[in-house]
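A.B. asks: Quick one: the structure is below, questions incoming.
The values are calculated or read from the model by the stated rules, or taken from the named source; none is laboratory data. Predicted model only: the values in this text are computed from it and were never measured. A quick note on method: Cβ atoms are made from the backbone with ideal geometry, for glycine too, and the neighbour counts reach across all protein chains shown.
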Amino acid sequence: MAIKLKRSYRFALRSAVLITLLSSLLLGGLLYFLQTLEWSIILLFSLLVFLSSFAILQIRIEKFIYRRIKKIYDDVALLDSSSLTSGTITTDMRTLTAEIEKFAQDKKIEIDTLKIREEYRKDFLGNVSHELKTPLFTVQGYILTLLDGAMEDKNIRKKYLQRANKAVERLIYIIKDLDLITKLEVGDLNLEQEAFDIIELIYSVFDLLEMKAAKKKIALTFDMEYAESIYVYADKEKIQQVLTNLLVNSIKYGHTDGTSEVSVENLIKNKVIVRVTDNGEGIPQKHIPRLFERFYRVDKSGSRSEGGSGLGLSIVKHIIEAHDEKIYVESVEEVGSEFSFTLEKAKNIEVEST
């Protein structure tokens, strides 16, 4: 197998051969002209010229290329490229080209990621601004009206203060949700996991949302009668918030005289899956990949009139993922939606007989 030489060596070798041939021809011509032609002298001269030429060329090329390549490495080092600066500097152009191409590809990925984050940041700031200014302007409007003279009327004063209070409550609700989701995203929220009956918890959430569901004539129900308790191991308070957020959404986007149904099924040996299903308006498929983003709304106008912080599904996703579990969504327009999530079964639970 032929020995593969570095390009700098091949260049020096070829150049040295050409210099040797040219020098030898000149020497031979000179000796011939002086009529003292000696082949041994020519051969020795050729060898010396070849060796000296090769050495000088190689050293000069190495230094010439090394200085310039080292500058490239130094420039790249300013960009914190560990892939280039961690290894030995090479003067082989093929290796350098491969490393530079890899560096460029990595930087392109970083730039694309930063662009996505920047777009997300802009959307987030725009949504936060919108969500906060709506109740703020509402409060300001009622206060200014009262200051302009409406305060003298006791009935109007009480009504406007009550409405302003509702707007303030919404502001507090948004701030609390933002604080919670921030803690969830940075992993700063400690889960207090315990064994509890998920069926009993679902009943308690039904009771909490009974009046809200009754306003839209939506029935909160199980898919079947659960005669036995089903114990799971999780943070009870956080799972209650998950169920509440999912059922509130189900009620909000459900049709009048519809149903919001919950089921709990065995998934695998140590897991259960909780499903929240409605027969409401459904979600277009193009929106499903973004459903769990903060402040993302399918209906940009109508959903705001329903209230809420716009963070419900995002909080649900983060709580479930904090438990190292999965959440799923399936939906068909004008048929309904189903949100489901997994939970770990509690081990060695003994149910006392009553």
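A.B. asks: Would you say Ile202 is outside the structural domain of His255 (by TED's automatic domain parsing) and either touching a residue at least 60 places away in the same chain (Cβ under 8 Å) or farther than 30 Å from Ser129 by Cβ (or both)? I'd like the intermediate steps shown before the answer.
C.D. replies: Working: outside the structural domain of His255 (by TED's automatic domain parsing): no; either touching a residue at least 60 places away in the same chain (Cβ under 8 Å) or farther than 30 Å from Ser129 by Cβ (or both): yes.
So Ile202 fails the test.
A.B. asks: What tally of residues in segment 17-75 results from selecting those that are β-branched (Val, Ile, Thr), more than 55 Å from the chain's Cα centre (by Cα), at pLDDT below 70 and surrounded by 16 or more Cβ atoms within 10 Å (Cβ to Cβ)?
C.D. replies: 1
A.B. asks: Here is a follow-up. Of all residues in segment 263-276 being modelled with pLDDT of 90 or more and over 15 Å from Ser229 (Cα atoms), which is surrounded by the fewest Cβ atoms within 10 Å (Cβ to Cβ)?
C.D. replies: Residues of segment 263-276 that are modelled with pLDDT of 90 or more, as a first pass: 263-265, 271-276.
Applying the additional criterion that residues be over 15 Å from Ser229 (Cα atoms) yields 275-276.
On the way: Arg275: 17, Val276: 22.
Applying the filter and picking the extreme gives Arg275.
A.B. asks: Only one residue in Asp177, Asp207 is at pLDDT 90 or above and of a type in the set (D, E, K, R). Which one? Steps first, please.
C.D. replies: Details: Asp177 fails: at pLDDT 90 or above.
Step by step, each of Asp177, Asp207 is checked, and only Asp207 is at pLDDT 90 or above and of a type in the set (D, E, K, R).
A.B. asks: In addition: With the condition kept exactly as written, say whether any residue in segment 100-114 is closer than 30 Å to Leu343 by Cβ and at pLDDT below 75. Don't jump to the end; show me each part of the working.
C.D. replies: Pass one, segment 100-114, residues closer than 30 Å to Leu343 by Cβ: none.
Checked against the condition, which is being closer than 30 Å to Leu343 by Cβ and at pLDDT below 75, segment 100-114 yields no hits at all.
A.B. asks: May I ask you to verify whether Glu194 is part of a helix (DSSP H, G or I) and loosely packed, with under 14 Cβ neighbours inside 10 Å? Lay out the reasoning, then the answer.
C.D. replies: On the way: part of a helix (DSSP H, G or I): no; loosely packed, with under 14 Cβ neighbours inside 10 Å: yes.
No.
A.B. asks: Does Gly254 fit the bill of being in the same structural domain as Leu313 (by TED's automatic domain parsing), crowded, with 19+ Cβ neighbours inside 10 Å and either not in a strand (DSSP E or B) or not hydrophobic (A, V, I, L, M, F, W, C) (or both)?
C.D. replies: Details: in the same structural domain as Leu313 (by TED's automatic domain parsing): yes; crowded, with 19+ Cβ neighbours inside 10 Å: yes; either not in a strand (DSSP E or B) or not hydrophobic (A, V, I, L, M, F, W, C) (or both): yes.
Judged against the criteria, Gly254 is a match.
A.B. asks: May I pose another question? Could you please let me know if Arg304 is of a type in the set (D, E, K, R), over 29 Å from Glu194 (Cβ atoms), at pLDDT below 70 and assigned to a helix (DSSP H, G or I)? Let's see the steps before the verdict.
C.D. replies: Details: of a type in the set (D, E, K, R): yes; over 29 Å from Glu194 (Cβ atoms): yes; at pLDDT below 70: yes; assigned to a helix (DSSP H, G or I): yes.
So Arg304 passes the test.
A.B. asks: Among the residues that make up segment 334-349, is at least one of them on the phi < 0 side of the Ramachandran plot, modelled with pLDDT under 80 and either outside any helix (DSSP H, G or I) or assigned by TED's automatic domain parsing to the domain that holds Val272 (or both)? If you could, list the steps in order and put the result at the bottom.
C.D. replies: Kept after step one, since they are on the phi < 0 side of the Ramachandran plot, are these residues of segment 334-349: 335, 337-347, 349.
Applying the additional criterion that residues be modelled with pLDDT under 80 yields 349.
If we keep only those that are either outside any helix (DSSP H, G or I) or assigned by TED's automatic domain parsing to the domain that holds Val272 (or both) too, we end up with 349.
Yes: one or more hits.
A.B. asks: Checking Leu191 against (1) at pLDDT 90 or above; (2) more than 17 Å from Gly312 (Cβ to Cβ); (3) not aromatic (Phe, Trp, Tyr), which single condition isn't satisfied?
C.D. replies: (1)
A.B. asks: Does Asp207 satisfy the condition of being acidic (Asp, Glu), assigned to a helix (DSSP H, G or I) and under 31 Å from the mean Cα position of the chain (by Cα)? Step through it out loud before you land on a result.
C.D. replies: Numbers: acidic (Asp, Glu): yes; assigned to a helix (DSSP H, G or I): yes; under 31 Å from the mean Cα position of the chain (by Cα): no.
When the stated conditions are applied, Asp207 does not pass them.
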